[in-house]
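For reference, the structure is listed below as structure tokens.
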Amino acid sequence: MNYSEEAPREQESLELIHKMINSAKRDIENDSFHYLLWGWLVFIACTLQFVLMKMNISFSYIGWMVLMPAGGIASMVYGYKQGKRQRIKTYTDGVIKYVLIAFLVTLFTVLIFMPRLGLMTYPLIMMVYGLWLFTSGGIIQFRPLIIGGMLNWLLGIISVFLPFEIQLVMLALAVLLGYIVPGYMLKNKYNVSKVA
């Protein structure tokens, strides 16, 4: 075998790898659905609880009880449909999967111990959100998610020193800056890459 035949094969292999990486990134960029869904649900639940608390409604947390299970069902249905469409599983898919599992286990652990954590619950949730946003943003190399993660950490630290009602406002701000704004930017980036 001569070197002239080997060079085109190496070039083809590099192009294939490059296409797979770009395809994986586009799949993740297309997955702005989860960031937007959960960002809006948490934002609405926080805002609703804050307003109902100000109105002295005893079941001020009702938004959480309705919206979170609805979001879980919507996420599972969407994830199932996306899983059927995805043909190639990449290394990035595997990394994201394990990071997401770690995020969810940590988040549910915080939520389960919510009664014992008291005023530390929402600051801890913001810290956990920050970890997910920073890590997933780093994996797909999307700076707005990384910055959103850092802002969640900062707002979580500040919230430790604030009363519960204001923690709700901080959590709403955290998801607005960490999930919703980057989610729309990710969606826009995907739409632009589809046209190009």
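Of the peptides 31-39, 98-106, the order by per-residue mean of other Cβ atoms within 10 Å, starting with the highest, comes out as 31-39, 98-106. First check a/c for the stretch 87-170, with a ≥ b ≥ c the square roots of the eigenvalues of its C-alpha gyration tensor; if it is under 1.5, answer rounded, and if not, answer prolate when a/b is larger than b/c or oblate otherwise. Here the stretch 87-170 falls in the oblate category.
What value in Å³ per residue do you get for the convex hull of the alpha-carbon atoms in the stretch 65-125? Taking only Cα atoms, the stretch 65-125 has a hull volume of 85 Å³ per residue.
Sorting Trp153, Trp64 by solvent-accessible area of protein heavy atoms yields Trp153, Trp64, largest first, with a 1.4 Å probe. Over the stretch 89-161, accessible surface divided per residue gives 57 Å², non-protein components excluded, 1.4 Å probe.
The slack in the chain from Tyr184 to Leu104, taken as 0.36 nm per residue of separation less the alpha-carbon distance, amounts to 26.6 nm.
The values are calculated or read from the model by the stated rules, or taken from the named source; none is laboratory data. Quick caveat, the model's predicted, so the values are computed rather than measured. Because the Cβ atoms are built from the backbone with ideal geometry, glycine has one as well, and the counts that use them run over all protein chains shown. With ligands, DNA and RNA removed, areas are computed over all heavy atoms of the protein, side chains included. Shrake-Rupley method; radii C 1.70, N 1.55, O 1.52, S 1.80 Å.
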